[in-house]
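Presented below is the structure to which this report refers.
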Amino acid sequence: ATASQEWRAGWTVVVACMAGMTLLGMGFLTIPAFFAPLEHEFHWTRGEFSSAFLVYAGASILLAPLVGRVLDRWGVRRLALPGCVLVGIAWALFATLTGSLVQWLLLWLFLASACQMIMVTVWSAAISRYFAVSRGLALSFTMGANGGTQLIAPNLANYLIEHQGWRTAFVVMG
């Protein structure tokens, strides 16, 4: 197949993968906007707040090989579609925070588990199945979606927090 044939057949895959990368990047690009409101409301220290990243990283290390195996067995669609829904639900659930650090860390564990289903590996596998001649370009569009997320998501989160409160912001971001 030529590059143009690949793009005619696979452009929707690239768009879907870009949306998935946007969802994946949304959390880490917006969570700094939530630092001050959550610290203020729950009197958490920066260390307590940031302990969530340790949970996320630990879960990612443990789950990544399992996700790769499931990806090979089930395919991209059967992993990514539920993953997108679960990531949205996970972010929305942060609106239910009560100030419990245990709840905070469990929500991050849930988010980390869900995010494994929409990691870069998943989107790269989808692109690799549709593109050979123009794979680099298709991957660059997919990965470039984080650039748009970096421009829009933090500003949106700040706006929502300022005008609607942090709970609504978590729901909308989810």
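The values are calculated or read from the model by the stated rules, or taken from the named source; none is laboratory data. It should be emphasised that the depicted structure is a prediction, and the values quoted were computed from it without experimental measurement. Positions of Cβ are generated from backbone atoms using ideal geometry, with glycine treated the same way; all protein chains shown enter the neighbour counts. Quick note on the areas: whole protein, heavy atoms, side chains included, nothing else; ligands and nucleic acids left out. Shrake-Rupley method; radii C 1.70, N 1.55, O 1.52, S 1.80 Å.
Observations
- Computed over the chain, the ratio Rg/Rh where both radii use C-alpha atoms and Rh is Kirkwood: 1.02
- Average accessible surface area per residue within the chain, 1.4 Å rolling probe, Å²: 51 Å²
- Remark on the stretch 121-174: Rg and Dmax equal 16.1, 47 Å (Cα only).
- For the stretch 41-174, a crude dipole built from +1 on the beta carbon of Lys and Arg and -1 on the beta carbon of Asp and Glu, taken about the Cα centre, is about 560 debye to the nearest 20.
- Percent of Cα pairs exceeding the 22 Å cut-off, where the set is the stretch 1-97: 47 percent
- Charge-dipole axis of the stretch 67-174 as Lys and Arg at +1 and Asp and Glu at -1 on Cβ define it, positive-most pick from V76, L151, L111: V76
- Centroid-to-centroid, using Cα positions, the stretch 125-159 and the stretch 61-90 are 18 Å apart.
- Formal net charge of residues neighbouring M117 (Cβ-Cβ distance under 12 Å; K, R +1; D, E -1): +2
- 15 Å beta-carbon shell around L137, net charge (K/R +1, D/E -1): +1
- Accessible surface of I152 - all protein chains present, 1.4 Å probe, nearest 10 Å²: 110 Å²
- For G174, residues with placed amide H under 5 Å, excluding near neighbours: A92
- Against the chain, whose longest principal axis comes from its Cα atoms, helix 46-74 is set at around 30 degrees.
- Against the chain, whose longest principal axis is taken from its Cα atoms, helix 76-93 shows a tilt of about 20°.
- Modelled FRET efficiency - R0 45 Å, N155 with R8, Cβ distances, 0.05 increments: 0.80
- The chain: angle of helix 101-115 to the longest principal axis, Cα-based, in degrees nearest 10: 10 degrees
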